[in-house]
Amino acid sequence: MNRTAARMPPSRKKPPGGFTLVEMLLALGLGLLVAGWLLEALFSHGSLSAKVLDRLHHREFERRARRLIEDDRRLASLARRQPGLQAAACNLAGRQPLLHLELPAGKPPITWSLGAAPSTIWRGQVLMRCGPAYGLDGQPNLTGSWQNRVVLDRAEGFGIPL
């Protein structure tokens, strides 16, 4: 009998079709790593989608505000850009007047202003319209009540269209 054969430890054979504990732990760790990466990608995609949707909604609100300004300009006989504080017929509360529109026949003027929000429910600077209230038909009620309302929230950098 050969002496080298007697000194060799008995060989361990893998059972057919089985995995060792090390292989199982390695596969589990790799699977958890991939699952974590996928979850992170899904959550970041969701937050990015929410930001894009919020920006699209804000742009639509900006378009609506510009349409309101254009409708008010059609009513006005005289428009002044950036009037002094004495030109505003409403309480601006520190907001900067952007546009002052004189209405015909002694009707109250319309003033558009930009600045600090009137309360904490708003998320930044606001664009406000001070003038005749709108009726149920969607037209300004030139003989009725008066409104000083926020038209656009987060209006930083909003410009009055020419």
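The values are calculated or read from the model by the stated rules, or taken from the named source; none is laboratory data. Quantities reported herein were computed from a predicted structural model and do not represent experimental measurements. Neighbour counts run over all protein chains shown; Cβ positions are idealised from the backbone, glycine included.
Summary of values
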read-out	value
Count of residues meeting criterion [modelled with pLDDT under 90, assigned to a helix (DSSP H, G or I) and more than 39 Å from the chain's Cα centre (by Cα)] in the stretch 5-50	3
Matching residues, the stretch 102-134, being surrounded by 17 or more Cβ atoms within 10 Å (Cβ to Cβ), part of a loop (DSSP other than H, G, I, E, B) and of a type outside the set (Gly, Ala, Ser)	103, 109, 125
Selection count where residues are assigned to a loop (DSSP other than H, G, I, E, B) and modelled with pLDDT of 80 or more, scope the stretch 143-155	2
Failed item, numbered, when residue 158 is tested on (1) in contact with a strand residue (DSSP E or B) (Cβ under 6 Å, 6 or more places away or on another chain); (2) not in a loop (DSSP other than H, G, I, E, B)	(2)
Subset of the stretch 135-162 [more than 21 Å from residue 116 (Cβ to Cβ), surrounded by 14 or more Cβ atoms within 10 Å (Cβ to Cβ) and in contact (Cβ under 8 Å) with a residue 12 or more places away in the chain]	140, 142
Criterion violated by residue 99 - all others in (1) under 39 Å from the mean Cα position of the chain (by Cα); (2) surrounded by 10 or more Cβ atoms within 10 Å (Cβ to Cβ); (3) at pLDDT 80 or above; (4) assigned to a loop (DSSP other than H, G, I, E, B) satisfied	(4)
Number of the condition not met by residue 61 [criteria: (1) modelled with pLDDT of 85 or more; (2) closer than 19 Å to residue 153 by Cα; (3) more than 25 Å from the chain's Cα centre (by Cα); (4) not basic (Lys, Arg)]	(3)
